[in-house]
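A quick write-up on the structure given underneath.
Every read-out reported here was derived from the displayed coordinates using simple, explicitly stated rules and does not represent laboratory data. The structure displayed is predicted, hence computed values, not measured ones. Cβ: placed from backbone, ideal geometry, glycine included. Neighbour counts: every protein chain shown.
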Amino acid sequence: MYDLKTKENDNSVIEFIENVDSPKKREDAYRLLDIFTETTGYQAKMWGPSIIGFGSYHYKYDSGHEGDAPLVGFSPRKAKISLYFATGDTDREALLKEFGKHTSGKACVYINKVADIDVEVLKALINQSVVFLKERYSTT
């Protein structure tokens, strides 16, 4: 059976942010912590060793694989800051056109710094992702 590495845990979010090497990334992580907390209404939790997540949902694929994941989250990684949103939400692309400097993958949007993006569009992306997942899955 596949064992998920990215599980919610009791590690300290603040301690994790304090250990971010770059002072600018640390500052951006605190800014994102405030934005995500205020926008979602959820308390930040660590997921695995490096993802700060908000809320959670339980998924189950047709293959039988299932698990829990944060509704939204972020990780201040060395190269870029990863922002985690719902996979499969086709409406995300419209918002990303107005988001600012970023690159994106299936579930992640990558930014260099918060100053590169429109924070109001970030809030809209967070809300859109939470609504999308709540409509499809069991959430907490």
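General remarks:
- Cβ-derived FRET efficiency at R0 30 Å, residue 62 paired with residue 38, nearest 0.05: 0.25
- Extension gain, residue 140 to residue 14: 0.36 nm times the residue separation minus the Cα-Cα distance gives 43.2 nm.
- For the chain, alpha-carbon Rg and Dmax in angstrom: 14.5, 43
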